[in-house]
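Student: This is the structure I have questions about; it appears just below.
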Amino acid sequence: MSAAVSTDDLVAWIRAFREAVTDHKDELTRLDSEIGDADHGSNMARGLDAVVAKLDPAPASPAELFKTVGMTLVSTVGGASGPLYGTLFLRMGPALSSPDGADAAALGAALRAGVEGVIARGKAEPGDKTMIDALSPAIDAWDAAADGGPAAAARAAAEAAARGRDATEPLVARKGRASYLGERSAGHIDPGAASSTLLLEALADTLAAAE
């Protein structure tokens, strides 16, 4: 694959994320049943089905793609996940202004803009037992590996996200529905961190396949 990630590559990523969420829907819902509303898997699957339905014909640019993805998720995914995932993609779009594709640094900057949007929207920080526990280390790992190209950076980010996801298990939730459980929220993996890891694993797999 060239150093540039094309709009087609990014469309393939969103399609792969939808497939991953569909495949892991029951697992995500099980995780959410332990500390949330038991609907994260079904909500995300429904939202991503709606997203994919809008990708044919494919958007002409990364900015157009992520605007479509973000707005669709906000309008179709229930609970907190819709606004948070929607914000992630809506913030990514303006950071990818070139229609000619993005190199590792540009895509990393877009991901960071997206994650910073989620932090601002959800008022969460690392250690709160949320999707930020997967996303925050992932973007740091991306930046550290960006010199190796987009596929290498994405793989490093996915691996860091998985470690962050697993590290949520012993945490006591400080944000969201899980925080109502207090100490009883410990011992469970955060479902948002789990779906965020699927997002980055889908990107890593997509870029690896395109090389």
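The values are calculated or read from the model by the stated rules, or taken from the named source; none is laboratory data. Just so it is clear, the model here is predicted, and its values are computed rather than measured. Glycine also receives a Cβ, built like all others from the backbone with ideal geometry; neighbour counts cover every protein chain displayed. The accessibility values were calculated without ligands, DNA or RNA, using every heavy atom of the protein model including side chains. Shrake-Rupley method; radii C 1.70, N 1.55, O 1.52, S 1.80 Å.
Student: Assuming ASP32 fulfils every condition listed in (1) crowded, with 19+ Cβ neighbours inside 10 Å; (2) of a type in the set (Asp, Glu); (3) outside any helix (DSSP H, G or I) apart from one, which condition is it?
Tutor: Checking ASP32 against (1) crowded, with 19+ Cβ neighbours inside 10 Å; (2) of a type in the set (Asp, Glu); (3) outside any helix (DSSP H, G or I), the one that fails is (3).
Student: Right, another one. I need the full set of residues from region 94-111 which are surrounded by 22 or more Cβ atoms within 10 Å (Cβ to Cβ) and part of a helix (DSSP H, G or I), in order please.
Tutor: First, the residues of region 94-111 that are surrounded by 22 or more Cβ atoms within 10 Å (Cβ to Cβ): 96, 102, 104, 107-108, 110-111.
Correct list: ALA104, LEU107, GLY108, ALA110, LEU111.
Student: How many of the residues in region 97-120 are without any contact (Cβ under 8 Å) to a residue 60 or more places away in the chain and either aliphatic (A, V, I, L, M) or in contact with a Pro (Cβ under 6 Å, 6 or more places away or on another chain) (or both)? Even if it seems obvious, please write down each step before you answer.
Tutor: Step one: of region 97-120, the residues without any contact (Cβ under 8 Å) to a residue 60 or more places away in the chain are 97-98, 105-106, 108-120.
Restricting the remaining residues to those that are either aliphatic (A, V, I, L, M) or in contact with a Pro (Cβ under 6 Å, 6 or more places away or on another chain) (or both) gives 105-106, 109-111, 113, 115, 118-120.
So the answer is 10.
Student: Pairs only if they're at least six apart or on different chains, beta carbon under 6 angstrom, first in region 61-75 and surrounded by fewer than 22 Cβ atoms within 10 Å (Cβ to Cβ), second at pLDDT below 95 and not in a helix (DSSP H, G or I); list them, first residue then second.
Tutor: Sorted first by the residue in region 61-75, then by its partner, the pairs are SER61/PRO99; ALA63/LEU96; THR68/PRO59.
Student: Could you check, for region 152-167, whether at least one of its residues is part of a helix (DSSP H, G or I), open to solvent by 20 Å² or more (accessible area, probe 1.4 Å) and either in contact with a strand residue (DSSP E or B) (Cβ under 9 Å, 6 or more places away or on another chain) or modelled with pLDDT under 95 (or both)?
Tutor: no
Student: Now, a different point. Among (1) open to solvent by 70 Å² or more (accessible area, probe 1.4 Å); (2) closer than 27 Å to ASP166 by Cα; (3) of a type in the set (Asp, Glu), which single condition is ASP56 missing?
Tutor: Against the list (1) open to solvent by 70 Å² or more (accessible area, probe 1.4 Å); (2) closer than 27 Å to ASP166 by Cα; (3) of a type in the set (Asp, Glu), ASP56 comes up short only on (2).
Student: Within region 195-211, does at least one residue satisfy the condition of being crowded, with 16+ Cβ neighbours inside 10 Å, part of a loop (DSSP other than H, G, I, E, B) and not charged (D, E, K, R)?
Tutor: Going through region 195-211, the residues crowded, with 16+ Cβ neighbours inside 10 Å turn out to be 195-207, 210.
From what is left, the residues that are part of a loop (DSSP other than H, G, I, E, B) are none.
For region 195-211, residues crowded, with 16+ Cβ neighbours inside 10 Å, part of a loop (DSSP other than H, G, I, E, B) and not charged (D, E, K, R): absent.
Student: Within region 39-88, how many residues are over 20 Å from ARG177 (Cα atoms), modelled with pLDDT under 95 and part of a loop (DSSP other than H, G, I, E, B)?
Tutor: Adding up the residues that qualify gives 6.
Student: Which of the residues spanning region 37-49 are open to solvent by 30 Å² or more (accessible area, probe 1.4 Å) and either of a type in the set (Ser, Thr, Tyr) or in contact (Cβ under 8 Å) with a residue 24 or more places away in the chain (or both)? Lay out the reasoning, then the answer.
Tutor: So in region 37-49, the residues open to solvent by 30 Å² or more (accessible area, probe 1.4 Å) come out as 37-39, 42, 46, 49.
Within region 37-49, ASP37, ASP39, SER42, ARG46, ASP49 qualify.
Student: Just to verify a result, which residue in region 168-184, among those that are surrounded by fewer than 23 Cβ atoms within 10 Å (Cβ to Cβ) and among the small types (Gly, Ala, Ser), is nearest to SER33 (Cα to Cα)? Walk me through how you get there before you give the answer.
Tutor: Our first condition is that a residue be surrounded by fewer than 23 Cβ atoms within 10 Å (Cβ to Cβ); within region 168-184, this holds for 169-172, 174-175, 177, 179-184.
Of the ones still in play, those that are also among the small types (Gly, Ala, Ser) are 179, 182.
Values: SER179: 14, GLY182: 15 Å.
Result: SER179.
Student: I'm trying to understand the selection: among the residues of region 112-123, which are open to solvent by less than 10 Å² (accessible area, probe 1.4 Å) and either among the aliphatic types (A, V, I, L, M) or at pLDDT below 95 (or both)?
Tutor: So in region 112-123, the residues open to solvent by less than 10 Å² (accessible area, probe 1.4 Å) come out as 114-115, 117-118.
Listed by number, the residues that qualify are VAL115, VAL118.
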